[in-house]
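The values are calculated or read from the model by the stated rules, or taken from the named source; none is laboratory data. Everything numeric here is computed off the predicted structure, so don't read it as measured data. Note that each Cβ is placed from the backbone with ideal geometry, even for glycine, and that neighbours are counted across all protein chains shown. Accessible surface areas use protein heavy atoms only, side chains included; no ligands, DNA or RNA. Shrake-Rupley method; radii C 1.70, N 1.55, O 1.52, S 1.80 Å.
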Amino acid sequence: MSTSNMFRWDLDDAGILTLTMDDPNAPVNTMNQTFQNDIRATADRLEQTLADDADAIKGIIITSAKKTFFAGGDIKQMSKATEADAEAMFTMVEDMKASLRRIEKLPVPVVAAINGAALGGGLEVALAANYRVAADARGSKIGLPEVTLGLLPGGGGVSRVVRMIGIQAALMKVILTGAQMNPAKALATGLVDEVVAPEALLDTARAWLTGENARAAQPWDEKGFKIPGGDPKTPKFAMNLPSFPANLTKQLKGSPMKAPRLAMQAAIEGAQVDIDTALRIESRYFTELVTGSQSKNMMQAFFFDLNHAQGGGSRPLQADGTPYPKREFKKVAVVGAGMMGAGIAYVCAKAGMEVVLKDISIENAERGKAYSEGLEAKALERGRTTEEKSAALLGRIKPTESYDDLSDVDLVIEAVFENTELKHKVHAEIEAAVPETCILGSNTSTLPITELASHVKREKDFIGLHFFSPVDKMQLIEIISGDNTDPAVLAASLDFAVAIRKIPIVVTDSRGFYTSRVIGTVINEALRMVAEGYSPAIVEAAGRQAGYPAPQLQLADELNLKLMEKIAGETRAAAQAEGVELDEGGVPALVEAMLHKFERPGKLEGKGFYEYADGKRTGLWPGLTSELREELGIQPIAPEDTDVQELVDRMLFIEAIETQKCVDEGVLLHDADGNIGSIFGIGYPAWTGGTRQFIKNYDGGIVVGGGAGNGGTGGSGAAHPERRGVAGFVERAEELAAKHGPRFAAPESLKK
């Protein structure tokens with residue numbers, strides 16, 4: 001074995017061999033080519049050493065010299081795999097797993113000393129050991145998150161976890177959830193055997209190897225082994241087996257996500273055969289996924305693009321090319337203690353900042369703080385915090401009615417009602433109260449930042465900070481740089497986003513910016529479908545089957561038709577001022593009828609497209625297919641005449657085309673911001689990789705209800721696997737434009 005092998009070999013006098021993983025060419029250990037070569041060479045050396053002297057090695061510890069134990073698969077390598085690489089990829093995966101299997105079958109016990117995060121392939125390396133000890137290290141995560149990247153655990157994760165904790169627990173707690181657990185949760189789940197303080201890790205591993213409980217054989221290699229809870233041949237388990245795919249279908253809501261389906265198949269099929277056959281089944285399904293389009297999309301979004309957003313990829317540089325100094329935020333003011341302002345105050349206080357929560361009356365401000373008190377009460381009830389931590393967090397929020405309390409804040413975030421005149425008035429009051437070093441932020445979803453900034457003296461210090469509701473749950477923040485915003489202020493705003501643990505995207509100024517502008521197109525498209533006569537239930541089903549976390553009529557209720565009517569009116573007026581005629585397809589009349597004839601504005605009032613009881617949806621309003629149709633003269637389209645894939649494509653394409661327009665207009669400067677913003681901000685289906693990735697890696701073979709290339713719905717929305725990439729997207733867009741209007745016409749920038 002070469003001295004450059006990433007598995008450092010340390011054999012002590014007691015015969016305990018410590019294999020320390022330390023890839024010399026990378027900051028973390030991954031299943032790259034170095035690992036593949038060196039794990040094979042290490043297995044060779046182990047077998048040869050024991051063949052020469054059976055007593056040379058008494059036990060083996062596998063650990064890491066990096067801060068993490070092992071970071072998982074080589075995503076850069078996997079993201080490049082195509083269908084043409086399937087045979088080579090299968091061979092590579094099988095070869096790597098064979099090396100782990102050889103180590104697993106050694107006649108001496110092996111313990112994995114997990115000193116930090118062990119995700120995906122990292123956990124799979126540890127699973128090949130006979131015993132797993134995890135350090136209770138800060139931030140350490142253990143799990144198999146492959147499904148969140150459009151993959152399944154292909155390094156033995158499916159086969160071994162099924163045999164360790166049973167089929168149901170493996171699927172529902174580990175594989176299908178992609179859960180990243182802290183060491184204590186991993187212990188409770190059965191993924192590790194012991195959790196100890198970091199400084200005791202190696203001593204604990206050694207103690208197990210030299211103790212009476214150490215054994216070399218894996219349970220599944222021993223005669224008579226049975227999977228916990230039974231396998232598909234067990235009568236009791238077999239009775240419940242049909243519910244597994246049924247529950248998964250219900251969970252996926254008809255979405256064409258392949259990874260969860262194939263992961264379940266690998267688990268259930270693999271449970272009916274020996275471990276080596278199970279590992280091969282797993283490899284075949286992994287290869288199908290890793291060479292397909294969905295994994296490419298999801299790896300792009302949830303690895304590369306997410307790293308861009310969280311790693312400052314959109315952060316501006318100074319004129320000399322050096323980064324702006326990092327800025328700290330110790331004290332923040334939030335002006336406007338409504339739902340949004342209260343949520344912003346909470347996340348800032350949770351991040352350790354002092355927060356001044358200002359409203360026109362102390363009663364309003366205190367009601368805003370009560371929102372945080374309610375969240376903390378729930379956290380205490382669920383054991384997610386302590387009395388001491390909760391009291392400290394709430395103590396950092398100071399309700400006030402006086403601008404005098406804003407005299408020493410680092411950042412102010414205005415969060416009043418979405419009205420330009422009101423915001424101008426409030427910003428003038430804010431600017432007079434805060435220090436000149438304070439950044440002036442506005443939480444707005446649609447109002448142009450440059451226009452809002454035009455009424456303050458320090459335009460360069462003004463920036464848009466668009467939070468999403470509910471603020472404590474939504475991960476995204478859209479940062480909008482106005483025409484006169486100082487790049488240093490933009491850089492500082494990104495520092496703020498990181499400090500409050502939000503995922504930032506950066507866009508330039510326009511009405512609706514990026515996220516609100518794009519989500520408006522898909523909601524309008526769904527309303528057009530209703531106005532055209534499609535069953536509202538089918539329109540909602542199409543949204544769910546496309547993979548949207550919330551269908552469009554539900555979203556319209558949550559956004560409220562009053563707000564939508566107001567925004568539409570402003571957009572219409574702006575278009576008329578420019579001499580542009582909008583194609584609104586019956587939507588204004590529908591919204592007007594819902595609001596002013598039937599008084600159904602949305603969820604807040606307890607009646608919209610849906611019926612509500614105690615704030616919870618109980619079903620679509622029956623009047624949508626009777627009273628509303630009669631009022632507007634809508635002729636119904638029969639379900640049997642409905643092409644669901646056509647509806648799905650209209651939703652996906654209208655948002656992607658509007659995103660392309662944002663790129664063409666310079667609103668979006670980075671594809672990563674478009675992908676992350678569309679997924680985390682407006683619920684674009686995760687399997688697409690986001691609106692930009694959907695265009696670039698378009699796959700016409702993916703249809704709803706049947707996965708990739710299976711089945712279809714007939715009609716023009718049927719599967720067209722020959723349509724690929726930008727050219728395929730343009731072809732389908734032109735088809736939609738010919739049938740539904742020029743709003744679907746592919747922009748010239750795509751045709752080039």
Original post:
Which one of these is touching a strand residue (DSSP E or B) at 6+ places or on another chain (Cβ under 8 Å), free of Cβ contacts under 8 Å to residues at least 60 places away in the same chain, farther than 27 Å from T148 by Cβ and open to solvent by 40 Å² or more (accessible area, probe 1.4 Å): E627, E631, E611?
Top reply: E611
**OP:** Name the residue, out of L144, L176, that is at pLDDT 95 or above, under 30 Å from E199 (Cβ atoms) and not aromatic (F, W, Y).
**Re:** L144
**OP:** Identify all residues within region 568-587 that are of a type in the set (G, A, S) and either surrounded by 11 or more Cβ atoms within 10 Å (Cβ to Cβ) or touching a residue at least 60 places away in the same chain (Cβ under 8 Å) (or both); write none if there are none.
**Re:** A568, G569, A574, A575, G585, G586
Original post:
Among the residues of region 42-58, is any touching a residue at least 60 places away in the same chain (Cβ under 8 Å) and open to solvent by 10 Å² or more (accessible area, probe 1.4 Å)?
Top reply: yes
Subject >> In region 470-520, residue most open to solvent (accessible area, probe 1.4 Å) [restricted to those that are of a type in the set (D, E, K, R) and in a helix (DSSP H, G or I)] >> reply: R517
Original post:
Mind checking which residues of region 68-96 are among the polar types (S, T, N, Q) and either more than 22 Å from the chain's Cα centre (by Cα) or surrounded by 17 or more Cβ atoms within 10 Å (Cβ to Cβ) (or both)?
Top reply: T68, S79, T82, T91
**OP:** For V290, indicate whether it is over 24 Å from Q475 (Cβ atoms) and surrounded by 24 or more Cβ atoms within 10 Å (Cβ to Cβ).
**Re:** yes
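Mind listing just one residue for me: the one in region 647-667 that is charged (D, E, K, R) and closer than 17 Å to S255 by Cβ and, of those, surrounded by the most Cβ atoms within 10 Å (Cβ to Cβ)?
E655
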**OP:** Could you list, in sequence order, all residues of region 450-478 that are touching a residue at least 40 places away in the same chain (Cβ under 8 Å) and under 17 Å from V667 (Cβ atoms)?
**Re:** T450, G464, L465, H466, L476, E478
Original post:
Looking at A349, A379, which one is of a type in the set (G, A, S) and farther than 30 Å from P487 by Cα?
Top reply: A379
Original post:
From the residues in region 404-427 that are open to solvent by 50 Å² or more (accessible area, probe 1.4 Å) and assigned to a helix (DSSP H, G or I), which one is farthest from C348 (Cα to Cα)?
Top reply: E421
**OP:** State the number of residues belonging to region 166-205 that are open to solvent by 30 Å² or more (accessible area, probe 1.4 Å), touching a residue at least 40 places away in the same chain (Cβ under 8 Å) and part of a loop (DSSP other than H, G, I, E, B).
**Re:** 3
Original post:
Do we have any residue at all in region 553-567 that's modelled with pLDDT under 95, surrounded by fewer than 22 Cβ atoms within 10 Å (Cβ to Cβ) and among the acidic types (D, E)?
Top reply: yes
Subject >> Sole residue being of a type outside the set (K, R), open to solvent by less than 10 Å² (accessible area, probe 1.4 Å) and touching a helix residue (DSSP H, G or I) at 6+ places or on another chain (Cβ under 9 Å), chosen from G143, G122 >> reply: G143
Subject >> Criterion violated by N37 - all others in (1) in a loop (DSSP other than H, G, I, E, B); (2) open to solvent by 40 Å² or more (accessible area, probe 1.4 Å); (3) of a type in the set (S, T, N, Q) satisfied >> reply: (1)
Subject >> Counted residues, region 588-602 - those being buried (at least 17 other Cβ atoms within 10 Å of the Cβ), out of contact with any strand residue (DSSP E or B) (no Cβ under 6 Å at 6 or more places or on another chain) and either of a type in the set (D, E, K, R) or not in a helix (DSSP H, G or I) (or both) >> reply: 2
**OP:** Determine whether L624 is under 30 Å from the mean Cα position of the chain (by Cα), of a type in the set (A, V, I, L, M) and not in a loop (DSSP other than H, G, I, E, B).
**Re:** no
**OP:** Tell me which residues, restricted to region 206-239, are open to solvent by 60 Å² or more (accessible area, probe 1.4 Å), touching a Gly at 6+ places or on another chain (Cβ under 9 Å) and either farther than 19 Å from E269 by Cβ or part of a helix (DSSP H, G or I) (or both).
**Re:** R206, T210, K236
Original post:
Looking at A135, A129, A112, which is the one that is crowded, with 21+ Cβ neighbours inside 10 Å, touching a Lys or Arg at 6+ places or on another chain (Cβ under 8 Å), among the hydrophobic types (A, V, I, L, M, F, W, C) and modelled with pLDDT of 95 or more?
Top reply: A112
**OP:** Give me the pairs, please: first residue somewhere in region 366-380 and under 19 Å from S402 (Cα atoms), second residue anywhere and in a helix (DSSP H, G or I) and modelled with pLDDT of 95 or more, beta-carbon distance under 7 Å, and either six or more positions apart or on two chains.
**Re:** G368/G341; G368/A342; G368/A345
